[in-house]
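In what follows, a structure is listed as structure tokens, so that the remarks can point back to it.
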Amino acid sequence: MSMSMTEPAITPDLVAKHNLTPEEYQHAVQILGRNPTYTELGIFSVMWSEHCSYKNTRPLLKTFPTRSPRILVGAGEENAGIIDIGHGLAVAFKIESHNHPSAVEPFQGATTGVGGIIRDIFTMGARPVCAANSLRFGELSSAEVRRLFSGVVQGIAHYGNCFGIPTVAGEVYFDRSYEGNPLVNAFCLGVLRHEQITRGAARGVGNPVFYVGPATGRDGLAGAAFASQDLTEASAEQQRGAVQVGDPFMEKLVCEACLELLATGAVAGMQDMGAAGLTCSTCEMAARAGTGIEIELDKVPQRAPGMSSYEIMLSESQERMLVVVHKGREEEVKRIFEKWDLPWAEIGVITDTGHMVVRHGGRQVVNIPARKIADESPVYHREAVEPAYLQAVRAFRLDGVSDTVQPLEDLKRLLAWPSIASKNWVYRQYDHQVRAGTVVLPGSDAAVIRIKEDCLPVMSAELAARVESQTAPGQAFPEKYLALTVDCNGTYVYLDPYEGGKAAVTEACRNLACSGAIPLGATDNLNMANPHKPELFWQIRESVRGLADACRAFDAPVTGGNCSLYNQNPNGPIDPTPTVAVVGLIEKPEHITTQWFKDEGDTIILLGEAVDLGDPLLGLGGSAWLQVMHGLKTGAPPRCDLEAARTLHTTLVGLIQSGLIKSAHDCSEGGLAVTLAECAMSRMEARGTPRFMGATVDLSGWAETRSSALLFGETQSRVVATCAARDGSKVVERARLMGVPAQMIGKVGGKRLTLKTRGLEFSASVEELHHAWWNSLAKHMNQPGE
């Protein structure tokens, strides 16, 4: 047994290197009743890092609404939340970040981000059926940003395509604040029957503990700790070894084997090895069950010779699971692992001591009370101070900003602006149709997937018999339609964290309403800067308050999520970016609605106020138009009235369900002109050819406002919908009756988009607009390096 017996002495310097404060170290000594061993120090370091313990954000996360009659597994209980979707079926979903690793190794960082979130889903007993992502990068004029962007997209594509899961939705924004610190947030959703929910608890004293998956190597050492510190050039270089390497084919085998294993009933508990590897999985499983766990490191499959106990416990090698098996059923488990050709090892046992005990080379190297380290991690109530820059933001007025004179040029520039431009360069690299459940492909407000019987995990014989006995002869499987979207405008959050937080959830729910869906729940990813700086912590606190208020307003409880702090680059912090993914249910397939215009002669209706006249900036604060045309990223963003938004959403879904609405598209970045252009050009035929459908729109009824606000303002809670000409007045009347402002603004037809305000009129061929919008990202990506 080659194991170095000489471990480094624990000095204040070594403690500081492990990112523990002197007080935290004293707390650890108090829990243990002695000084920790070197391996124990490593364990405290990762378990009490922000990434694993949320020590700086936990008080804020408690303010989220987390319950509803549909919630089966709530936030924080397990690896992912689970929501009932009717007929005994449920969905598990979650979003997580892999920001710091992607800044260092974009391909592997993104790959393992996708792998980790897929594991969180099948750990719950659910079969992963689709993925989505939310990405942020610096500006594409930089060759380094293009390298990161390209690497991340390839990494996501590689893992999803090889694993065989469709990537169906996402968003990408480009802004200087993310230069050197890209954001990579990966979302996964899985499906299961209520009886198949699996818990990550180490139950059953005397039950054996199995390790399954590839051997443990030195990759990803201290990855969780790496994600809990500021990213600097020096740290990035030094941390290449902290980036894990993913193998999607191995993960596919692990997923299938685990789902098959669960169907045997031999599993007492299961947990993936994610952040902090073996440490976190053993510790959390014991803490959840109130048991102890004892493991033998000599039995852990190892890829490198002479690994120390510290390295084995903290490695973040990928595609590994920890499975607690009912005693006496070991042979079934081994048989399944061997059938799938997976490396496995029996490495330990569940005890009644409440302690996590680790032995290596005949010695005990770790003995820690599991619940204490998992649940008694430090919690900090950080100081929050409003940042000084907000005074200038709030004082900003449009006085010095000239109105639009060439609206067509403005529109083309906005359509080609990378944050607004078509993301086809990204999603054409993803397989978004594998498993054939994708109903609405990328390119509309929300993706829609169909849950068919073959999406579900394999059932035990007993469960299959029960399902059969409850199904009438000839009764079809109750297929479900789910819509999902992921949203966040970081500029709004930077300019007003509370309003921006509300707007992120509201836009996601508006996207669902435009698809005909009612929200079931949300998962959030708080990508933030350094919580120790009071003005940055204020951004975190205020944006969480906005998210929480909006989730309550739309009955979209938070089922879990992720915090990623310390996101900054040498020039300063990123814009606070609380990304939100919301999943909704569409009652019937005929309610599925897409954003593009459908038929010549249809009436175009604007639902919501054309311009918020109570806003001194008329919806132009923080707008894409101000950024692109005037180089200004300032002004209070549009106000988000949750009551008005809720009324709009319920009214729109009601109109869709009554069969009156042919298309619906939410109005967001770039305002009404961009929304109308997208309605005219975003439809794709089966063979990937675009189908253009023009329109003539008259906005001259709003005489008292500037054209730029009407065309490019981003006033909240607006939707452009279409219906058959004969139904126009009925739709307007019904919407107004419900308290939603509604106006007929034009009609669909021809191959040109013509827009008129009181002072201006312009017209362009839809094909020309499409060209600017469709090819922009490819053009940026094909430019030679600097």
Diffing region 117-123: the Karplus 3J(HN,Hα) column from phi (6.51, -1.76, 1.60, θ = phi - 60°), in whole Hz with x for Gly and Pro, holds 6, 5, 4, 4, 7, 6, 4
Kindly state, to the nearest 0.05, the FRET efficiency for Arg466 paired with Phe249, given R0 = 35 Å and r defined as their beta-carbon distance.
0.55
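Work out the length of the dipole vector of region 593-786 about its Cα centre, built from +1 on the beta-carbon of each Lys and Arg and -1 on the beta-carbon of each Asp and Glu, and round it to the nearest 20 debye.
Approximately 380 debye in magnitude.
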Of the options Ile605, Gln568, Ile592, report the single residue whose Cα projects farthest towards the positive end of the charge dipole of region 519-630 (beta-carbon charges: Lys, Arg +1; Asp, Glu -1).
Gln568
Computed over all unlike Cα pairs, the Kirkwood hydrodynamic radius of region 593-786 in Å stands at 17.4 Å
State the percentage of accessible surface on region 655-707 attributable to carbon and sulfur atoms; use a 1.4 Å probe and exclude ligands, DNA and RNA.
45 percent
Compute the FRET efficiency between Leu441 and Asp84 as 1/(1 + (r/R0)^6), taking r as their Cβ-Cβ distance and R0 = 30 Å, and round to the nearest 0.05.
0.65
In deg cm²/dmol, rounded to the nearest 500, the helical mean residue ellipticity at 222 nm of the chain, built from -39500 (n - 2.57) for every DSSP H run of length 4 or more, is -10500 deg cm²/dmol
Out of Val349, Ala388, Gln406, whose Cα points farthest toward the positive end of the dipole of region 327-410 (charges: +1 Lys, Arg; -1 Asp, Glu; placed on Cβ)?
Val349
Table column - 3J(HN,Hα) (Hz), region 329-339, Karplus curve with 6.51, -1.76, 1.60, x for Gly and Pro:
10, 4, 4, 4, 5, 4, 4, 5, 4, 6, 4
Under-5 Å amide H pairs with Ala447, H placed in peptide plane, nonlocal only
Leu484
Cα→Cβ-extended label distance, 7 Å offset, between Asp341 and Gln406, nm
6.2 nm
Sort the following peptides by mean Cβ neighbour count (other Cβ atoms within 10 Å, averaged over residues), highest first: 166-179, 77-90.
166-179, 77-90
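If contacts are Cα pairs under 8 angstrom and at least 6 residues apart, what is the relative contact order of the chain in percent? Show your work: numbers first, answer last.
On the way: 1936 pairs, mean separation 116.7, N = 786.
About 15 percent, as a whole number.
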Compare Tyr211, Tyr494, Tyr481 by solvent-accessible area with a 1.4 Å probe and give them largest first, with all protein chains kept in place.
Tyr494, Tyr481, Tyr211
Taking Cα atoms, the helix 671-681 axis meets the longest principal axis of the chain at an angle in degrees (rounded to 10) of 90 degrees
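Based on alpha-carbon atoms only, what is the radius of gyration of the chain relative to the globular estimate 2.2 N^0.38 Å?
0.96
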Length gain on complete extension for the stretch Arg303 to Ala143, per 0.36 nm per residue less the alpha carbon to alpha carbon distance?
54.0 nm
One finds the C-alpha centres of region 539-584 and region 387-425 to be spaced, in Å, by 23 Å
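How large is the accessible surface per residue of region 1-149, computed with a 1.4 Å probe and reported in Å² as a whole number?
Per-residue accessible area for region 1-149 comes out at 34 Å².
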Rounded to the nearest 10 Å², what accessible area does Lys598 show when all protein chains are kept and the probe is 1.4 Å?
40 Å²
Candidate lysines - alpha carbon under 22 Å from Lys412, same-chain residues fewer than 8 apart omitted
Lys423, Lys633, Lys747, Lys751, Lys756, Lys779
Could you compute how much accessible surface Arg736 exposes when probed at 1.4 Å, giving the result in Å² to the nearest 10?
130 Å²
Working out 0.36 nm times the residue gap between Thr21 and Glu7, then minus their Cα-Cα distance, what length gain in nm do you get to one decimal?
2.9 nm
I'd like the accessible area for Tyr54: 1.4 Å probe, protein heavy atoms, all chains in place, Å² to the nearest 10.
50 Å²
Return the distance in nm (one decimal) between the two label points of a simple spin-label model at Lys730 and Asn782, each offset 7 Å from Cα along Cα→Cβ.
4.8 nm
Using only the alpha-carbon atoms, how far is helix 22-32 inclined from the longest principal axis of the chain? Give it as 0 to 90 degrees, nearest 10.
50 degrees
To the nearest 20 debye, what charge dipole does the chain have about its Cα centre, counting +1 at the Cβ of each Lys and Arg and -1 at the Cβ of each Asp and Glu?
980 debye
On a C-alpha basis, how far is the centre of region 476-522 from the centre of region 678-723 in Å? Whole number, if you could?
20 Å
Can you pull the one-decimal nm distance between simple spin-label points at Asp454 and Ser765, each 7 Å off the Cα toward Cβ?
4.3 nm
Under 19 Å from Lys588, Cα to Cα: aspartates and glutamates that are on another chain or at least 8 residues apart
Asp84, Asp445, Glu453, Glu479
Work from the charge dipole of region 593-786 (Cβ charges, +1 for Lys and Arg, -1 for Asp and Glu, about the Cα centre) and give the residue of Leu632, Ala724, His780 farthest towards its positive end.
Ala724
Where does helix 38-47 land angle-wise versus the long Cα axis of the chain, in degrees 0 to 90, nearest 10?
20 degrees
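The values are calculated or read from the model by the stated rules, or taken from the named source; none is laboratory data. In this text the structure is predicted, and so the values were computed from the model without any measurement. Heads up, the Cβs are rebuilt from the backbone with ideal geometry, glycines too, and the neighbour counts pull from every protein chain shown. The accessibility values were calculated without ligands, DNA or RNA, using every heavy atom of the protein model including side chains. Shrake-Rupley method; radii C 1.70, N 1.55, O 1.52, S 1.80 Å.
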